[in-house]
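The values are calculated or read from the model by the stated rules, or taken from the named source; none is laboratory data. These numbers were taken from a predicted model, which means no experiment stands behind them. Positions of Cβ are backbone-derived with ideal geometry, glycine not excepted, and every protein chain shown enters the neighbour counts. These accessible areas exclude ligands, DNA and RNA; they are computed on the full protein's heavy atoms, side chains included. Shrake-Rupley method; radii C 1.70, N 1.55, O 1.52, S 1.80 Å.
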Amino acid sequence: MSPLVNEQQDPRYRYLQIELTSRCNLRCRTCLRAVPDIKLKEQDLSAAALRQLQPALRQTASVHLQGWGEAMLLQDMVERIRWFKAQDCMVSFTTNGSLMTKRQAAQLVASGLDSITFSMAGAAAGIQDRLRGQGTHKKLWQSLHLLHQEKLNQGAANPSLAVSYLLTPETIGELPNAVKQCRSLGLNLFAGVHLTHAATGEQEFMRLYVHSFNNRFKQIIRRAHWQAFLGGMRLQMPPFQPVLMPVCDKNPLAGCFIASDGSVAPCVFLYPPSADREEQWFTENGAVSVPGKCFGSLNENSLDMIWQGSEYRAFRKVFRQRQQVYDCEMAKVGLDLDAIEKLELAQHRIRKVFLSMPVPVCCRGCPKMEGF
């Protein structure tokens, strides 16, 4: 997790997650849009904000075009991808797969796009359509086949194809079959993901990791790994038990989230498109509301100026200190016969230190800080 960023030098970003639009064509039951009476700000990232961002892109390794909206709604999506590629960084994006045409698939393959991830919520139409909307299952699989076929037509290695598979108590049963159906599509990665952002009671119930991880789940995952092996793809599964985390996998030390209104936030979960910009987490003690967090706007300052601001530096300092404690203690474990005992002692010491070094208030209660 060590970042590229050296706080004493000009910032360099391992990644930037950029929300080109907060508009979406779907109303998924697993999304903020399922919250009754929620007021959402739906807009596209302005050309002015992109120009302000451009100098930082020259210092950025990877850009992922994803937020709370569907990027394929943008008529100039392919031109946007080419523009980002011209800034000399790797470019990827995530789509719900409901809008792609054959022409767009051909353009995406020819655009230089490095990777595309399709969001999936079940192998069968019944489950997927209940969660995402009628007909979304058919459109998703059509899009996957279109991209794969266009890669073959153009003899292209890129974009690499991936699936982000939503894990719920219902969808996990279809995991092996979902992986099996993808075996002929040339996928590089099939990744199971938790519903980490629960904004309603129904969504909290759909979080798989709050359920007992039993032998049935283990058998399902083993079968899925076998299907992935046969298909020559990598199956990546998240933890199902809490993990001791100095920094979450969004890693605010290495990059940030650019919202469609130009705001700069530590991650996508800390800046929802709701009008009040308030975040709601469901925990063991019930719902907890936490104000959204951003450190500035590209409509006013460059990303480098925002990143180097005193408040943002103080925010990252907490995680940097936690990472240093974690690395120092884990380095003492070693690989000898006493390694297991040393690991338990190291984790005990880390937890004790972390009590006096809590994460920022806006990150408390977030499942990402437990590895989910």
Roughly speaking, what is the stretch gain from Leu337 to Glu202, that is 0.36 nm per residue apart minus the C-alpha to C-alpha distance, in nm to one decimal? 44.0 nm
If each part is reduced to its alpha-carbon centroid, the range 110-135 and the range 10-88 end up apart, in Å, by 18
Quick one: which of Lys250/Lys293; Lys85/Lys293; Lys39/Lys139 span more than 18 angstrom between C-alpha atoms? Lys85/Lys293; Lys39/Lys139
For the range 111-118, 3J(HN,Hα) per residue [Karplus equation, 6.51 cos²θ - 1.76 cosθ + 1.60, θ = phi - 60°, Hz, x = Gly/Pro]: 6, x, 3, 7, 7, 9, 10, 9
Can you send over the carbon and sulfur percentage of the accessible area for the chain, probe radius 1.4 Å, protein chains only? 52
Loop-exposed trypsin sites (Lys or Arg not before Pro) per DSSP, neighbour cap 11 Cβ within 10 angstrom, longest uninterrupted part of the chain: 59-331
MRE, 222 nm, helices only [DSSP H, n ≥ 4, -39500 (n - 2.57), over the chain, to nearest 500]: -10500 deg cm²/dmol
Based on the Cβ-Cβ distance of Lys317 and Glu170, what FRET efficiency does E = 1/(1 + (r/R0)^6) give at R0 = 45 Å, to the nearest 0.05? 0.60
Please find the FRET efficiency linking Lys85 to His211, where r is the Cβ-Cβ separation and R0 is fixed at 45 Å, and quote it to the nearest 0.05. 0.60
Sum up the charges of everything whose Cβ sits under 11 Å from the Cβ of Ile306, counting Lys and Arg as +1 and Asp and Glu as -1, but leave Ile306 out. -2
For a quick check: with amide H placed at 1.01 Å from N, whose amide H comes under 5 Å from Leu16's, ignoring anything fewer than 5 positions away on the same chain? Ser62, Val63, His64
Let me know the shape class of the range 1-125, please: from the alpha-carbon gyration tensor, a ≥ b ≥ c as square roots of the eigenvalues, rounded when a/c is under 1.5, otherwise prolate if a/b is greater than b/c, or oblate. prolate
Given axes a ≥ b ≥ c from the Cα gyration tensor, I'd like to know whether the range 177-261 is rounded (a/c under 1.5), prolate (a/b larger than b/c) or oblate. oblate
Cβ-based net charge around Phe240, under 12 Å, with every Lys or Arg adding one and every Asp or Glu removing one: +1
Restricting attention to the chain, give the cysteines that have no other cysteine Cβ less than 4.7 angstrom from their Cβ. Cys24, Cys89, Cys182, Cys248, Cys256, Cys267, Cys294, Cys328, Cys362, Cys363, Cys366
Applied in sequence order to the range 175-183, the curve 6.51 cos²θ - 1.76 cosθ + 1.60 (Karplus, θ = phi - 60°) yields integer Hz couplings, x standing for Gly and Pro, of 4, x, 5, 4, 5, 4, 5, 8, 4
Label-to-label distance, nm, for residues given as Ser46 and Leu189 (7 Å Cα→Cβ offset): 3.3
Karplus 3J(HN,Hα) series, Hz, for the range 14-27 with 6.51 cos²θ - 1.76 cosθ + 1.60 (x for Gly, Pro): 5, 8, 10, 9, 10, 8, 5, 8, 9, 7, 9, 8, 10, 10
Mind sorting out which of (1) 18.3; (2) 20.8; (3) 19.2 is the real mean projected area of the Cα convex hull in nm² computed from the coordinates? (3)
